[in-house]
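Here's the structure, in structure tokens; my notes come after.
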Amino acid sequence: MKVYTYKNCGTCKKATKWLEAQGIEFDEIPIRDKPPSQKALKEMLKHYDGELKRLFNTAGGDYREMNLKEKLPDMTQAEAIKLLASNGNLVKRPFLRADDFGFVGFKEPEWSEKLG
């Protein structure tokens, strides 16, 4: 299992501490240095019924600076995935990938149900 995180993200810290407390092994990947691949993003999109906005860090500065609230509705899925793969700041985190499921963001009840 891979978990993409940002070192200064409080939610990411909570998520990794929770995983460690559960004794779950994972590879932590710095999301800004190595964003998820287009393939990983497309796979995650399937877990969220194709809802592109769920993959975006809508509270982030880059999202606001790029005016993506206005642009995202007009973007194709391919354009949005390419943008996310090129800028880890835009990806909602933590971004957890496993073989048969994935999560964006940390909601302990969701994670507990699947991993606990």
Return yes when residue 15 is of a type in the set (A, V, I, L, M) and under 13 Å from the mean Cα position of the chain (by Cα) and no when it is not.
yes
Can you tell me which residue within the range 44-71, out of those that are among the aliphatic types (A, V, I, L, M) and over 18 Å from residue 4 (Cβ atoms), is surrounded by the most Cβ atoms within 10 Å (Cβ to Cβ)?
68
Unique residue being modelled with pLDDT under 95 and surrounded by 15 or more Cβ atoms within 10 Å (Cβ to Cβ) when the list is 115, 84, 41:
115
Residue check: is residue 44 out of contact with any Asp or Glu (no Cβ under 9 Å at 6 or more places or on another chain), over 22 Å from residue 9 (Cβ atoms) and hydrophobic (A, V, I, L, M, F, W, C)?
no
Single unsatisfied condition, residue 46 versus (1) within 22 Å of residue 30 (Cα to Cα); (2) modelled with pLDDT under 95:
(1)
Search result, residues across the range 1-28 that are aromatic (Phe, Trp, Tyr) and either assigned to a helix (DSSP H, G or I) or free of Cβ contacts under 8 Å to residues at least 12 places away in the same chain (or both)
18
Checked 86, 112 against criteria (polar (S, T, N, Q) and closer than 18 Å to residue 29 by Cβ); the one match is 86
Can you pull out the residues in the range 99-116 that are aromatic (Phe, Trp, Tyr), closer than 18 Å to residue 58 by Cβ and not in a loop (DSSP other than H, G, I, E, B)?
103
Six or more apart or on different chains, Cβ under 8 Å: which pairs go from a residue in the range 76-90 that's part of a helix (DSSP H, G or I) to one that's among the charged types (D, E, K, R)? Could you list them?
81/42; 88/32; 88/33; 88/34; 89/32; 89/62; 90/62
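The values are calculated or read from the model by the stated rules, or taken from the named source; none is laboratory data. These numbers were taken from a predicted model, which means no experiment stands behind them. Note: ideal-geometry Cβ built from the backbone for every residue, glycine included; neighbour counts use all protein chains shown.
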